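For reference, the structure discussed in these notes is given below.
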């Protein structure tokens with residue numbers, strides 16, 4: 001019997017459960033561009049209530065949700081402030097510039113978290129030569145920060161500073177419910193500090209498609225216009241909204257199991273010579289670790305793991321990311337740790353390259369940061 005493939009590349013690889021598929025198959029549908037899809041309307045109303053906002057809008061992706069928010073808060077030639085490792089800055093093709101004529105000014109944090117003091121002097125003076133600073137974007141949990149949860153007081157202080165200085169705030173909460181489960185702080189309490197909040201249903205919550213943007217009614221009214229402009233107007237989307245609604249109602253509390261599995265994975269990694277957790281403490285479902293440069297590149301180790309049925313992704317030249325989720329259980333994680341240990345042991349035992357200057361297979365083709 002073939003061993004199960006253990007896919008730890010991302011929590012986006014989850015597949016809908018049988019119960020979720022049934023809910024999708026039975027969904028009542030209508031034309032959402034005409035506001036007539038009952039399942040989508042229900043999803044939006046329930047999410048808005050959970051987040052303590054007046055309204056919400058279902059969209060195809062988290063990138064679209066974030067970019068609609070940027071467009072709501074900024075005009076062309078204006079600026080947003082964000083952490084240098086955040087998703088909006090790194091993984092959305094600079095869409096704020098391409099789509100909305102907005103520039104980004106990054107702030108370097110520690111594992112994705114910066115302090116209020118770092119914002120001092122970051123607002124541009126009113127001068128015809130300069131862009132106008134309009135928006136502060138935060139990401140919680142922080143992907144490149146290893147799934148780190150923002151310290152609540154730090155987050156609230158940053159948002160308070162922003163509002164005191166006339167800036168708007170947006171939360172990229174793609175994994176906000178991981179932060180909720182890990183911290184015990186309700187989603188509404190996190191969301192109260194932000195003018196708009198984006199959440200994703202297709203990561204840890206396990207739905208196949210979709211994100212949503214929540215905020216005041218007037219902004220969400222405008223958000224519908226921007227969604228249409230970006231090509232996100234959908235028709236009988238209740239079929240996929242039903243998956244998101246099921247996830248929201250049934251898959252939030254179970255995120256705790258993903259977090260427990262990530263702890264098992266982290267403890268296993270920490271015991272393997274040549275590997276180092278970075279960050280050293282795992283908050284939620286993301287584990288990032290560094291590979292000793294003399295051992296291998298991240299790309300090489302990932303390829304060797306794939307040959308043994310364990311999938312992770314390079315997260316830098318010598319960094320690897322593994323993400324626990326709905327489709328991996330405790331046994332899968334324990335087997336992944338065992339395979340990782342075996343592969344790294346083989347790397348330690350390999351013949352050392354001769355000092356001839358020729359390249360060694362294990363050191364070739366490094367991935368980019």
On a full-extension model of 0.36 nm per residue, what is the gain between residue 132 and residue 276, subtracting their alpha-carbon distance, rounded to one decimal in nm? 47.7 nm
For residue 250 and residue 124, extending 7 Å from Cα along the Cα-Cβ vector and measuring point to point gives, in nm, a value of 4.9
Which residues does a label at residue 292 reach in region 237-273, if reach means a backbone N under 19 Å from a point 7 Å past the Cα toward the Cβ? 267-273
If the label point sits 7 Å along Cα→Cβ of residue 152, residues of region 186-217 with amide N under 18 Å come out as 186-194
Kirkwood-Stokes translational diffusion coefficient of region 123-222, alpha-carbon pairs, 10 °C, 1.306 mPa s, µm²/s: 109
Mean Cβ count within 10 Å, highest first, over the residues of peptides 5-11, 16-22: 5-11, 16-22
Stokes-Einstein diffusion coefficient of the chain, Kirkwood radius over Cα pairs, 25 °C, 0.890 mPa s, in µm²/s: 113
Within region 184-228: backbone nitrogen closer than 14 Å to the residue 35 label point (7 Å, Cα to C-beta): 217-225
For the chain, the longest principal axis of the Cα atoms and the Cα long axis of helix 298-307 enclose an angle in degrees, to the nearest 10, of 80
Using packing as a proxy for protection, rank 223-230, 151-158, 167-174 so that the peptide with the highest average count of other Cβ atoms within 10 Å comes first. 167-174, 223-230, 151-158
Label point distance in nm, residue 306-residue 350, each placed 7 Å from Cα along Cα→Cβ: 1.6
For the pair residue 225 and residue 115, what calculated FRET efficiency results from E = 1/(1 + (r/R0)^6), where r is the Cβ-Cβ distance and R0 = 22 Å, to the nearest 0.05? 0.05
Sequence-separation-based contact order of region 31-250, relative, with Cα cut under 8 Å and 6+ spacing, percent: 30
Compute the angle between helix 330-349 and the longest alpha-carbon principal axis of the chain, please, reported from 0 to 90 degrees and rounded to the nearest 10. 50
In degrees, nearest 10, the alpha-carbon axis of helix 255-270 is tilted away from the dominant principal axis of the alpha carbons of the chain by 30
Efficiency of FRET between residue 5 and residue 217 - r from beta-carbon atoms, R0 51 angstrom, step 0.05: 0.65
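Bear in mind these aren't lab numbers, they're just calculated from the coordinates by the rules spelled out. For clarity, every value in this text was computed on a predicted model and none was experimentally measured. Positions of Cβ are backbone-derived with ideal geometry, glycine not excepted, and every protein chain shown enters the neighbour counts.
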